[in-house]
Every structure is written in C-alpha cells, then in structure tokens.
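This report concerns only the one structure given below.
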Amino acid sequence: MPHQASRHAVLQLTGCFGFRCEQMFLNLAERGNCVAASILLAFAEAVTCGTIQRGGRVLLVGPGAELTIGACAFTY
C-alpha cells in the first residue's frame with residue numbers, strides 16, 4: 001500500500017520491492033494525490049472492497065518530505 005502520489009512512482013516502487021502489479025492497490029484515478037491521507041484512504045478502500053482481508057499481510061510505504069522513506073509491515 002504505497003503513498004498514492006503518482007502512478008509512475010508506484011510502478012517504480014513495485015519493481016524495487018519485487019512485487020507484481022496485481023499486488024499493489026491503486027486509487028489514484030478515483031482520488032488523486034490526497035497527500036498525507038493517501039495511504040490510509042487506500043487501505044480503507046482496499047479493506048472495504050475485499051482486496052485486503054483479515055489475516056492478509058500488508059506493507060504501507062510512504063515518503064517523508066520526499067527525502068526519506070518509511071514503511072510498516074503487518075498482518076491485518
């Protein structure tokens with residue numbers, strides 16, 4: 001679940017972490033860049049539509065002032 005800033009950035013991140021495109025959740029087309037709320041909005045949407053279910057592993061990734069990056073992995 002990456003920060004939803006740009007489709008290009010998400011696709012680059014997908015390759016860097018070795019994920020497949022279908023493992024990524026994108027809501028950019030519907031929401032655009034919601035800045036700090038983008039990860040939580042995308043996570044809530046993924047849970048609501050069933051993409052993420054209880055017991056599923058989740059990786060949240062986001063930038064800090066575009067100079068650093070933070071991540072959190074957990075089992076939902």
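Think of the stretch 1-59 as having a plus end and a minus end, set by charges on the Cβ of Lys, Arg, Asp and Glu; of G15, C49, A36, G15 sits farthest toward the positive end of this dipole. The relative contact order of the chain comes to 32 percent, based on Cα pairs under 8 Å that sit 6 or more residues apart. For the stretch 7-75, the dipole from Cβ point charges (+1 on Lys and Arg, -1 on Asp and Glu) about the Cα centre works out to 160 debye, to the nearest 20.
Over all pairs of different C-alpha atoms in the chain, the reciprocal of the mean inverse distance, the Kirkwood hydrodynamic radius, equals 12.6 Å. Dividing the summed helix terms, -39500 (n - 2.57) for each DSSP H run of n ≥ 4, by the number of residues in the chain produces a 222 nm estimate of -9500 deg cm²/dmol to the nearest 500. A straight chain from I69 to A37 at 0.36 nm per residue would run longer than the Cα-Cα distance by 9.9 nm. Multiplying the residue separation of Q53 and Y76 by 0.36 nm and subtracting their alpha-carbon distance yields 7.6 nm.
Computed from the coordinates by the stated procedures, all read-outs in this text should not be read as laboratory data. All figures in this text were calculated on a predicted structure; none of them were measured in a lab. Reconstructed Cβ throughout: ideal geometry from the backbone, glycine too, with neighbour counts over all protein chains shown.
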